[in-house]
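The values are calculated or read from the model by the stated rules, or taken from the named source; none is laboratory data. Please read these numbers as outputs of a predicted model, since none were measured by experiment. Don't worry about glycine lacking a Cβ; one is built from the backbone with ideal geometry, like all the others, and counts go over all protein chains shown.
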Amino acid sequence: MRRLSSNKASAEQLSKGPVVVVPPKHLMAPSGANEVAQAFEAARHEIEAAEIPGTPPTPPETMVTDKYAYAFDIDGVLIRGGRPIPEAIEAMKWLNGQNPYGVKVPYIFVTNGGGKTEKERCIQLSKQLEMEVSPGQFICGHTPMREMAERYKTVLVVGGEGEKCRHVAEGYGFKDVVTPGDIIKDNQDTTPFRKLTKEEYENSRARNFAKVEIEAIFVFADSRDWASDQQIILDLLMSKNGRLGTRSETFDEGPPVFFSHNDVVWSASHDLTRIGMGALRVSLEAMFKAVTGKNLETTAFGKPQIGTFQFATRLLQQWRKDTHGIDSPPDTVYFVGDTPESDIRGTNEYDQHSENNWYSILVKTGVFEAGTKPRFTPKATVDTVLDAVKHGIEREYRKALKASLDLPELAHAIEE
Ligand SMILES: [Mg+2]
């Protein structure tokens, strides 16, 4: 496993095999995060590989607990407006062994945020949290879209800065990726009030859309220009088989639309929440109804969808198998998030299906508004991510203590 400094690492370097990203300060102040970062990177490669090798290696000696794990939402929990939430760095130190119990706890990151590859997210978070992380620890809203590259050839990709999302989609294996810029370049009358900048015009690819059938639409990240993006999506939804310039008479011949998540609001630098991709989805559905009189069916990935939690479970299970020789996920996963509708709802619903326990913790550093009651009730509500980490570690300590005192009825009471 290679180690790359977050000051020098590029997404391209990270695609050349298992890598852990090291913060610049690491050599002076070891974060203790290396073992967990490496092990998840290895586990991720195993679950994404077609063939699993025959004899599993003997698990190495480790201080990292296999009983429980943490899964973190990023925006509003660890990061806000591009900067770490002050308690986040201390919280990660606790997990990496700097706590009164001398335990190390494994963790992954499950974000609905998009527009960057898992690798770019990893480089960024390593810098922000001043610790080692690996791309294998990241699950993004658009991670499941990777599996749709086999099914659809020509696709429209919407959202994000410049050409970023085209590159993410191509990295996922999509063969023919169209952007709204390509469409405006071909016919500038598509969007009466939007002209491409010189740079956008140069980056956009010239082609004749009268001859192209777009098979699916993927909203990878937040739209930077709602009006023109929605016009283009609506044109395709109302077309015959995704061919621009045509109109279906029944309005049910257009391509399907997929969103990488469904969060209506999110927590950015502004004091109040900002509208996000879920709002674009609502808006698009309402417009389709207004224009055609018909209902539009769309699909969203990310939290709270079950697929995201299933993927997280497979990753944690592979990690536990590799590091502890136990072929099942950790008994409890503490999920820390700030959005009741995605983080808390998803965790609670998944907890009802899963063989292990998923324990939802709401923090107040993100979309939470003081004095309101969240629509989905967390198992615990705390101020910051550091309190969330302490809550779980202390709860596990009490559970273990009771179990060792052989008082099953008390241990059970604490479970409640
Ligand atoms: Mg969040």
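Please verify whether residue 81 is more than 23 Å from residue 358 (Cα to Cα) and of a type outside the set (Ser, Thr, Tyr), treating the condition exactly as stated.
yes
Pairs, please: C-beta under 7 Å, at least 6 apart or cross-chain, first residue over 9 Å from residue 359 (Cα atoms) and in segment 329-347, second among the basic types (Lys, Arg) and within 11 Å of the ligand (Cβ to nearest atom)?
Every condition considered, the pairs that remain are 342/303; 343/303; 346/303.
Search segment 142-155 for residues being part of a loop (DSSP other than H, G, I, E, B) and of a type outside the set (Asp, Glu), and hand back the single one that is surrounded by the fewest Cβ atoms within 10 Å (Cβ to Cβ).
151
What are the pairs with Cβ atoms under 6 angstrom where one residue, in segment 369-389, is in the same structural domain as residue 89 (by the TED database) and the other, located anywhere, is of a type in the set (Lys, Arg)? Sequence gap at least six, or different chains.
376/345; 383/364
Quick one: count up the residues across segment 341-353 that are within 20 Å of the chain's Cα centre (by Cα) and either more than 12 Å from the ligand (Cβ to nearest atom) or modelled with pLDDT under 95 (or both).
Looking only at that region, the number is 8.
Is it true that residue 278 is more than 19 Å from residue 296 (Cα to Cα) and in the same structural domain as residue 151 (by the TED database)?
So residue 278 fails the test.
Given the structure, is residue 325 away from the ligand (no atom under 13 Å from the Cβ), touching a residue at least 12 places away in the same chain (Cβ under 8 Å), small (Gly, Ala, Ser) and not assigned by the TED database to the domain that holds residue 230?
Spelling it out, residue 325 is indeed away from the ligand (no atom under 13 Å from the Cβ), touching a residue at least 12 places away in the same chain (Cβ under 8 Å), small (Gly, Ala, Ser) and not assigned by the TED database to the domain that holds residue 230.
In segment 368-416, what count of residues is obtained for those that are at pLDDT 95 or above, small (Gly, Ala, Ser) and either farther than 22 Å from residue 94 by Cα or touching a Lys or Arg at 6+ places or on another chain (Cβ under 9 Å) (or both)?
Counting residues in segment 368-416 that are at pLDDT 95 or above, small (Gly, Ala, Ser) and either farther than 22 Å from residue 94 by Cα or touching a Lys or Arg at 6+ places or on another chain (Cβ under 9 Å) (or both) gives 1.
Which condition number in (1) assigned to a strand (DSSP E or B); (2) more than 27 Å from residue 62 (Cβ to Cβ) is the one that residue 334 fails?
Residue 334 satisfies all of (1) assigned to a strand (DSSP E or B); (2) more than 27 Å from residue 62 (Cβ to Cβ) except (2).
How do the pairs read when you match residues in segment 354-368 that are closer than 11 Å to residue 331 by Cα with residues anywhere that are within 16 Å of the ligand (Cβ to nearest atom) and of a type in the set (Ser, Thr, Tyr), using Cβ under 6 Å and keeping only pairs 6 or more apart or on different chains?
If the second residue must be within 16 Å of the ligand (Cβ to nearest atom) and of a type in the set (Ser, Thr, Tyr), the pairs left are 358/347; 359/334.
Would you mind stating whether residue 262 is within 30 Å of residue 352 (Cβ to Cβ), surrounded by 16 or more Cβ atoms within 10 Å (Cβ to Cβ) and not aliphatic (A, V, I, L, M)?
Criteria met by residue 262.
Could you please find all residues in segment 57-92 being among the basic types (Lys, Arg), surrounded by 17 or more Cβ atoms within 10 Å (Cβ to Cβ) and modelled with pLDDT of 95 or more?
none
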